[in-house]
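Trainee: If you scroll down you'll find the structure; I have some questions about it.
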Amino acid sequence: MNSPRPARILLGVTGGIAAYKTPDLVRRLRERGAEVQVVMTRGATNFITPLTLQAVSGRPVRSGLWDESAEGAMSHIELARWADAVLVAPATADFLARLSCGNADDLLTTLCLATEVPILVAPAMNRAMWAHAATRANVALLESRGVAVLGPAAGEQACGETGEGRMLEPAELAELLLGRLRRERSLAGLKVVISAGPTRERIDPVRFISNRSSGKMGYAVAAAARDAGARVVLVSGPVALPAPAGVECIGVESAEQMYAAVHAALPGADIYIGTAAVADYRPAAVATQKIKKTAENLRIDLVRAPDILGSIAALRDGRPFVVGFAAETEKLEEHARQKLLGKRLDMIVANQVGDGLAFDCEDNSLLVLWNGGREDLGAGSKPLLAERLIGLIASVRGAVRRAPGAAASGEA
Ligand code: PMT
C-alpha cells in the first residue's frame, strides 16, 4: 500500500513581532512530516530574514508577486493549488483587514484569494487592536467565510501590556493545523447536539442561582465538531461569546429550557455532548415580585432540576452516542467513572474544577473514560483539547459501531 504523501502547508508570515517564532513553527510542522512553503509579506522581512526561513523549510521563500524567476519555477496559481492548507502566522490586524476586503495586492493576499484549500490564521497583535471593533468585524467576516481563527492567547505582550493578542505557541499551532487536516471529515454527514455554558435558575424577577461556566469549553467543542464536518446544534445558556460560524445556536436560560431545547434538537442526532454546567437544583417557587429585605434570614427551598444527560442516555428510540462531562473537585477519575456507569453514558470527559481550574479560563485538562477505555488528553487550550476530544469521540464511536453485535449503548 502506498503511504500517504506528506501534508503540504503554505505558511504565510506577516509583519508582527511574533514572526520571530516562525522558524520554530516551520520546524514543528516538518517534524510532524509536513512540507512547508513559506511566503512572507514585505513587513515580515523587517522581523526575520527570508534566509532563516529558507534554511529551516528547505525551500526558497517567496515574497514578491512580480519575481519572474520564482514565478517561472512555480506560479502563484500553482502555489495556491500545491497546498493542502494555508496557515498565516502571525496574522497582523492589517493582514486580517486586507484579507477580509479581498485585496490581492501582494503575493500572500493573492494566494489566499486564489486557493480553494482551508485558510487558517493565527492572529498576533496588541490587545487593544485585537479588541477594536474594526478587527472584531473583520474576524467575524472571515469566520463567516470559513477562515479558521486559531487563538490568539492571552498573556504578556511584546508591547509590555497584558491581554488577549498573543500568537499561539508554535507546537500548538502545528498540532491544531495538522490535527485538523487529519481529522477533517471524521464526523462528515453526522448531526451533533452540544450543550454549553451555565443555566440560570430564577429566584425572583431580578435574582438567580447560576455557576461560573463561561461556555468556552462547549463553544470550542462545537467549533471542533463543525470543523470535523458535522452539522452542529449548540444549545447554550447565557454566555458572552459569539456563536461559532456555521453552527446553529439556540439560546436558553434555565435547566428546564435547556432540557426542552436539547430534546427538540435531538431527532436525527448521532452524538450528544453535554458540556453545559446545568443546575442540579432550582428554586421550588419563583417569587413574582422582587423579594424584600425584611427577614433576618431567608430560606429558599430547592428542588431537583431535570437531568438532561440522564434523560438522553435513557432514550430507547433514537438514542445518540452520549458523551457527558464531569466537573469534579476531588477523586476525579473515581467520581467520573461513577457518572459514566450510573448514567449509562457512552463516554465521560472528566475535568478537575475549583482553585481557578476549568471554569471560566482559557485552558483545561481532560481525562476521557469509556467502557473499556481511558485516555488522558493532557492540558492545553480549550480549542486544542476540543479538537483532540472530537477526534477521540469519532474513533471510539466508530469502534463501538463496528464491534460485533454492538448496540449504540456503551453499558458497562
Ligand atoms: O464553560 P467553561 O467556563 O469553559 O467551563 C467548562 C466546564 C468546566 C463547565 C466544562 O468543562 C464541564 O465540566 N462541564 C460539565 C459541568 C457539570 O455540570 O458537571 P457535572 O459533573 O455536575 O455534571 C455531569 C454531566 O451531567 C454534565 O455533562 C452535565 O452537562 C450533565 N447534567 C448535569 C445536571 C443536569 N441537571 N443535567 C445535565 O445534563
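The values are calculated or read from the model by the stated rules, or taken from the named source; none is laboratory data. Computed from a prediction, not measured in an experiment: that's the story for all the values here. A quick note on method: Cβ atoms are made from the backbone with ideal geometry, for glycine too, and the neighbour counts reach across all protein chains shown.
Trainee: For segment 195-267, list the strands (runs of 3 or more DSSP E) that sit wholly inside it and hold at least 1 residues that are touching a Gly at 6+ places or on another chain (Cβ under 6 Å), among the hydroxyl-bearing types (Ser, Thr, Tyr) and in the same structural domain as Arg136 (by TED's automatic domain parsing); which are they? So that I can check it myself, show each step before the final result.
Mentor: On the way: elements: 201-204, 207-209, 231-236, 248-251.
Hits in segment 195-267: none.
Trainee: Still on this structure, I have one more. Given Ile300, Ile312, which one is in contact with a strand residue (DSSP E or B) (Cβ under 9 Å, 6 or more places away or on another chain), β-branched (Val, Ile, Thr), over 27 Å from Gly378 (Cα atoms) and within 15 Å of the ligand (Cβ to nearest atom)? Quick ask: steps written out before the conclusion?
Mentor: Numbers: Ile300 fails: within 15 Å of the ligand (Cβ to nearest atom).
Criteria check complete, one pass: Ile312.
Trainee: List the number of the failed condition for Ala196; all other conditions in (1) more than 15 Å from the ligand (Cβ to nearest atom); (2) crowded, with 20+ Cβ neighbours inside 10 Å hold.
Mentor: So Ala196 meets the others, but not (1).
Trainee: Mind checking whether some residue in segment 279-292 is in the same structural domain as Ala350 (by TED's automatic domain parsing), more than 15 Å from the ligand (Cβ to nearest atom), free of Cβ contacts under 8 Å to residues at least 12 places away in the same chain and surrounded by fewer than 18 Cβ atoms within 10 Å (Cβ to Cβ)?
Mentor: Initial filter on segment 279-292 (in the same structural domain as Ala350 (by TED's automatic domain parsing)): 279-292.
Keeping just the survivors that are more than 15 Å from the ligand (Cβ to nearest atom) gives 284-292.
From the residues that got through so far, the ones that are free of Cβ contacts under 8 Å to residues at least 12 places away in the same chain too are 292.
Those still in the list that are surrounded by fewer than 18 Cβ atoms within 10 Å (Cβ to Cβ) too: 292.
Yes, segment 279-292 contains at least one residue that is in the same structural domain as Ala350 (by TED's automatic domain parsing), more than 15 Å from the ligand (Cβ to nearest atom), free of Cβ contacts under 8 Å to residues at least 12 places away in the same chain and surrounded by fewer than 18 Cβ atoms within 10 Å (Cβ to Cβ).
Trainee: Can you find a residue that is crowded, with 16+ Cβ neighbours inside 10 Å, at pLDDT 95 or above and among the basic types (Lys, Arg) anywhere in segment 116-135?
Mentor: Within segment 116-135 (the criterion being crowded, with 16+ Cβ neighbours inside 10 Å, at pLDDT 95 or above and among the basic types (Lys, Arg)), the answer is no, since none of the residues qualifies.
Trainee: Let me ask you something else. Filter segment 202-224 for residues that are modelled with pLDDT of 95 or more and more than 12 Å from the ligand (Cβ to nearest atom) and give the result.
Mentor: Arg202, Ile203, Asp204, Pro205, Val206, Arg207, Phe208, Ile209
Trainee: Among the residues of segment 111-126, how many are in contact with an Asp or Glu (Cβ under 7 Å, 6 or more places away or on another chain) and either among the polar types (S, T, N, Q) or more than 16 Å from Ile9 (Cβ to Cβ) (or both)?
Mentor: Qualifying residue count, segment 111-126: 1.
Trainee: Pick out the one residue from Leu181, Leu190, Leu168, Leu173 that is closer than 30 Å to Gly310 by Cα and away from the ligand (no atom under 16 Å from the Cβ).
Mentor: Going through Leu181, Leu190, Leu168, Leu173 in turn, just one is closer than 30 Å to Gly310 by Cα and away from the ligand (no atom under 16 Å from the Cβ): Leu190.
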